[in-house]
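The values are calculated or read from the model by the stated rules, or taken from the named source; none is laboratory data. Everything quoted here is computed from the prediction, not taken from an experiment. With ideal geometry, Cβ positions are generated from the backbone for all residues, glycine too; neighbour counts draw on all protein chains shown.
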Amino acid sequence: MIDRLTAALARSRADYTEIRVERTWSTAVTFRGRRLEAATASEDQGGCVRARHAGGGWGVASFTSLGRLEAMVTRAGELSRAVPVDPPIRLADVPPHQADALLDLDGDVRGVPIAEKKRLLEAYNGAMLGVSDRIVDTLAVYRDEVTEYWYVNSEGTILHELRPEVTLSGTAVARREGTIEKGLESIGLRRGWNSVQDKAAGFREVAERAVQLLDAPMVKGGTYPVILDPELAGVFIHEAFGHLSEADFVYENPPAREMMTLGRRFGKPVLNVGDNGAAPGLRGTLPFDDEGTPTRDTTLIKEGILVGRLHSRETAAAMGERPSGNARAISFRHAPIVRMTNTYIAGARGGGSFEDLIGDVKLGVYACGAFGGQTMLENFSFTAAYGRMIRDGRVAELVKDVVLAGNLFQTLDRIDHIAADFRWNQMGGGCGKAGQYPLPVTEGAPHVRIEEALVGGESAA
Amino acid sequence: MIAQLVELARRRADGGADALWRRVERTTVAFEWGRLKSAGTTEEAGANLRVRHRGRVGVAGTTAVEGNDVGAHAAPLLDRALASAELGEELDLAFPVPAPIPPLTAFFDRAAKASLDELVGIGRSLLARLERQGCRVNVAIERETTATRVANSAGAGGEYRGTGFGVSADVWRIAGDDVLVVSDALEGADLPSDEALTALVASINARLDHALLVVAPPEGSLPVVFTPAGLSALMLPVTQALSGKAVLQGISPLGAKVGEQVFDPRFSLTDDPLRVGRTASRPLDDECVPSRALCLVERGVVQRFIYDLETAARAKAESTGNGQRGIFGKPVPAYTSIVLGDVGAQHAAPLPLGGGLLAGITDGLLVDELIGVGQGNVTGGAFSHPVALAYRIERGEITGRVKDAAVAGNAYELWKRVGGFGNDARWTGSRWAPSVLFEGVSVARR
């Protein structure tokens, strides 16, 4: 394959050309209630050529028929010529790499019969259904894939990778008369079959919580000290801050650039944030990004001050900064754009435990897990999976419909205490941007306290 | 060829088979932050095969097809579908027999033949008309041609070609830490008319002009007008509840309400796969069922739910022709074009914001976009969202943009008694709807 790609590359008349080809074997098993909804095996293959002539924009050609490779190299060049760009696109230098990176498959999923995958998921689904007859519906999904990946560019980079991934998710729906509540379990790993064994407890736990939520009151809306659990804190930093640190948002947008000036204070000195595409064993981890740039750990906020951002080769050149290995595409169907990998709030050295965060909170909310989150730049809204009230320094009753909303800048600045209990949340799903979803990413954080945040809920009613 | 694939499958699967082959060619042009940045092309083809064997259903998909020739890849694809069926559920799935297929024009030459230069030209003209001091504009143009073939072992099938054309623009204004984004998009099967492009520019400019001044949000139980785009939070619970899948799972609040007056008597909802000029329109669905317009709610009374073949088989109902399938995975019930009320003529003149509903409002809100729609427990109808783009209405006039406000309510309660429907119905994606006024929506400041 490499020979074929380098031969096709040699025919290109563009100043810069890159070719990515992927072949993906995947299986998916879905249970809904006690019923197996689907068990399928799929094969997906295709390629993407990106080319640039001097003075031209990007020409991008993606295709599923590998017989069209040579024609698509030509087409990408033509497209680049058709869109003149001034000033021209420049790419920051990245030394050429040649690598054969076969990631640890940890039990190659391709060797496991689909019937066995069905049995595994049936057990996890059963763990949810067995909790109570209040569990009226479940959705359990197992998905795995192995992607063989080839990348070449006209600067001499040649990569061949084997990338595994396995994800599991479970939704438990509890119902009593008109009241419906749900619990959500999600696991996502850049590993294989061995890594998803013995996971029943997590599925059972979310179903139990869905049942408990039937009796839980809605949180009373208002302003509280809010403690985010590591899962919600991770989702928060990814959604509310991470996307602003992607340089394609700022590099040709002067007012945005000003808003995100390096050196600006974003939080108290306790706040440290980064993105680490090279962290071992995580779903957002890969040796190289989709431009052939090695991944690395990029500090974004250091002691409350903005110090870095995420780059592609193009945005790095435009801003005179260093490429960070964050140009990623979800598949051969798309060109790479600036994306996160594994984004984190660092645990505070000496930050203590969860108990230390709530000790002096008279009345507050402990917001846990995430049903979803959306950011419209400086405004965000997150729906926690559930919450618990904090009363006089102790965790008290379960509450539901905990929706956190606010302004990013104010909220980051109100993070006043960060615990030391950092953990990565290895979840499924993924990140969406510019029509590219789901991109495998990971988020990590310790417990985080916001001194004051708006919790929606009954207040608005 | 798809017929050969089905024939091959029929010989090995005792309960029959159906298949879909689809080829998509897409051309895109993107202007980033005010300048032309990239052009792209996509050629994608694939096949999806479903079999029923020994009473069990299985499915498999592949993009390993060269052109329209499934031939060489048919055997491994069939093997995988049969393996899937071995584990699959027992289901009394009957593939539909041939039936008359309605005529429909889904392919528009002007869209299919538009050159790259024409696409770039549309973008440049939009950019020129949207540029303004202190703002940055992104524009994306996309043109698609599709060819689809479906067939089953009962002899039904069909093929058609379609086109799609999308134009989207967003204008960004960042002032300090205040980020304002106003966007709009056109989507249709044909090349957009000059009038449609003018209306898109006018729609963005009007909403931008009114947004420049920020005012304090109101608070309390207030009249709130949702624009056609802003209506998503109120439509989503309803469309989810009208899916046969939700009914079958027992989680649809409308599951037992067929024949009952659940909504305002002026509320009617139709799924229309035969609407000329819409990208979702097709003469038959992805499971060989002929298309027809389907009235889901008529004058407030629930009529029926949407079904694909499998959901219908399990629910002991008939497919409504809403089967949609991708290259991978099983068909699912899905809407085509959703029409609230009647489809009137396309408006020639740009529409005023609020659809004529603002006049009687002393103090209220006009909501154009909310944050977090679709999160949480949608089906139950309760919603609570911060606003992304909303305006204050005072004494019948828009007085400015509000930030830091949230709206909440229950979609089912609100749809029972609607304050008024606007005269500004339009397509937003695949939904046709006017602005709608609801009384007593809770508005909170933060």
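Among the candidates B:R395, B:R401, B:R431, the residue that is more than 11 Å from chain A (Cβ to nearest Cβ) and under 30 Å from B:G244 (Cα atoms) is uniquely B:R431. Please go through the range B:159-182 and give me each residue that is surrounded by fewer than 18 Cβ atoms within 10 Å (Cβ to Cβ), in a strand (DSSP E or B) and among the small types (G, A, S), ordered by number. B:S168, B:A175, listed by residue number. You will find that of B:V339, B:V378, B:V407, B:V387, the residue that is assigned to a strand (DSSP E or B), within 23 Å of the chain's Cα centre (by Cα) and within 14 Å of chain A (Cβ to nearest Cβ) is B:V387 and no other. Scanning the range A:337-384 for residues that are more than 10 Å from every other protein chain (Cβ to nearest Cβ), hydrophobic (A, V, I, L, M, F, W, C), within 18 Å of A:I227 (Cβ to Cβ) and within 19 Å of the chain's Cα centre (by Cα) returns A:I345, A:A346, A:C368. Looking at the range A:127-236, the strands (runs of 3 or more DSSP E) lying wholly inside it that each contain 1 or more residues that are assigned by TED's automatic domain parsing to the domain that holds A:T40 and of a type in the set (A, V, I, L, M) sit at A:135-153, A:158-176, A:179-189.
Of all residues in the range B:1-17 being crowded, with 19+ Cβ neighbours inside 10 Å and outside any loop (DSSP other than H, G, I, E, B), which is farthest from the chain's Cα centre (by Cα)? Among those residues, the one meeting the criterion is B:L8.
Scan the range A:128-148 and give yes if some residue there is more than 13 Å from chain B (Cβ to nearest Cβ) and within 30 Å of A:E321 (Cα to Cα), otherwise no. So far as the range A:128-148 goes, no, none of its residues is more than 13 Å from chain B (Cβ to nearest Cβ) and within 30 Å of A:E321 (Cα to Cα).
Return only the number of the condition from (1) closer than 24 Å to B:R161 by Cα; (2) modelled with pLDDT under 95; (3) within 14 Å of chain A (Cβ to nearest Cβ) that B:L119 does not satisfy. Tallying (1) closer than 24 Å to B:R161 by Cα; (2) modelled with pLDDT under 95; (3) within 14 Å of chain A (Cβ to nearest Cβ), B:L119 fails exactly one: (2).
Scanning the range A:167-179 for residues that are in contact with a strand residue (DSSP E or B) (Cβ under 7 Å, 6 or more places away or on another chain) and either within 14 Å of another protein chain (Cβ to nearest Cβ) or modelled with pLDDT under 95 (or both) yields A:T171, A:A172, A:V173, A:A174, A:R175. Let me confirm something: among A:G47, A:G77, A:G59, A:G33, which residue is under 24 Å from the mean Cα position of the chain (by Cα) and buried (at least 17 other Cβ atoms within 10 Å of the Cβ)? Within the list A:G47, A:G77, A:G59, A:G33, the selection yields A:G47. Candidates in the range A:385-395 are the residues that are at negative phi and surrounded by fewer than 21 Cβ atoms within 10 Å (Cβ to Cβ); of these, the one that is nearest to the other protein chains (Cβ to nearest Cβ) is A:M389. Residues that are assigned to a loop (DSSP other than H, G, I, E, B), touching a helix residue (DSSP H, G or I) at 6+ places or on another chain (Cβ under 9 Å) and in contact (Cβ under 8 Å) with a residue 60 or more places away in the chain do occur in the range B:352-369. On the stretch given as the range A:57-70, residues that are more than 9 Å from every other protein chain (Cβ to nearest Cβ) and over 30 Å from B:A81 (Cα atoms) total 1.
Residue check: A:M260 meets all listed conditions (1) within 14 Å of chain B (Cβ to nearest Cβ); (2) among the hydrophobic types (A, V, I, L, M, F, W, C); (3) surrounded by 24 or more Cβ atoms within 10 Å (Cβ to Cβ) but one, namely (3). Within the range A:37-54, being more than 7 Å from chain B (Cβ to nearest Cβ) and of a type in the set (A, V, I, L, M, F, W, C) holds for A:C48, A:V49, A:A51, A:A54.
Of everything listed in (1) in the same structural domain as B:N423 (by TED's automatic domain parsing); (2) touching a Leu at 6+ places or on another chain (Cβ under 6 Å), the single unmet condition for B:V167 is (1). Whether a residue is among the aliphatic types (A, V, I, L, M), in contact (Cβ under 8 Å) with a residue 40 or more places away in the chain and either within 13 Å of chain A (Cβ to nearest Cβ) or not in a strand (DSSP E or B) (or both) was assessed, and B:A94 passes this test.
Per the conditions (1) modelled with pLDDT of 95 or more; (2) surrounded by fewer than 24 Cβ atoms within 10 Å (Cβ to Cβ); (3) not β-branched (V, I, T), the sole criterion not satisfied by A:N253 is (1).
Condition check for B:Q133 on (1) more than 19 Å from B:E32 (Cβ to Cβ); (2) within 13 Å of chain A (Cβ to nearest Cβ); (3) in a strand (DSSP E or B); (4) not basic (K, R): one failure, at (3).
Restricted to the range A:118-134, and to residues there that are of a type in the set (D, E, K, R) and in contact with a Leu (Cβ under 9 Å, 6 or more places away or on another chain), the residue that is farthest from B:R80 (Cα to Cα) is A:R134. In this structure, does B:V367 turn out to be of a type in the set (V, I, T), within 19 Å of the chain's Cα centre (by Cα) and more than 9 Å from chain A (Cβ to nearest Cβ)? Taking the combined requirement at face value, the residue does not satisfy it. Would you pick out the residues in the range A:101-123 that are more than 14 Å from chain B (Cβ to nearest Cβ) and either within 25 Å of the chain's Cα centre (by Cα) or basic (K, R) (or both)? Answer for the range A:101-123, where residues must be more than 14 Å from chain B (Cβ to nearest Cβ) and either within 25 Å of the chain's Cα centre (by Cα) or basic (K, R) (or both): A:A101, A:L102, A:L103, A:D104, A:L105, A:D106, A:G107, A:D108, A:V109.
Looking across the range A:1-57 at every residue that is of a type in the set (G, A, S) and touching a Leu at 6+ places or on another chain (Cβ under 7 Å), the one that is farthest from B:T42 (Cα to Cα) is identified as A:A39. Residues in the range A:283-316 that are assigned to a loop (DSSP other than H, G, I, E, B) and surrounded by 24 or more Cβ atoms within 10 Å (Cβ to Cβ): A:R283, A:G284, A:D289, A:D290, A:E291, A:G292, A:T293, A:R309, A:H311, A:S312. Would you call B:E43 at the interface with chain A (Cβ under 9 Å from one of its Cβ atoms), surrounded by 18 or more Cβ atoms within 10 Å (Cβ to Cβ), among the acidic types (D, E) and within 19 Å of B:F328 (Cβ to Cβ)? Here the answer is yes, as B:E43 does meet what is asked. In a strand (DSSP E or B) and on the phi < 0 side of the Ramachandran plot, is that true of B:T42? So B:T42 fits the description; yes. Residues of the range A:32-52 that are at pLDDT 95 or above and farther than 19 Å from B:R26 by Cα: A:R52 alone.
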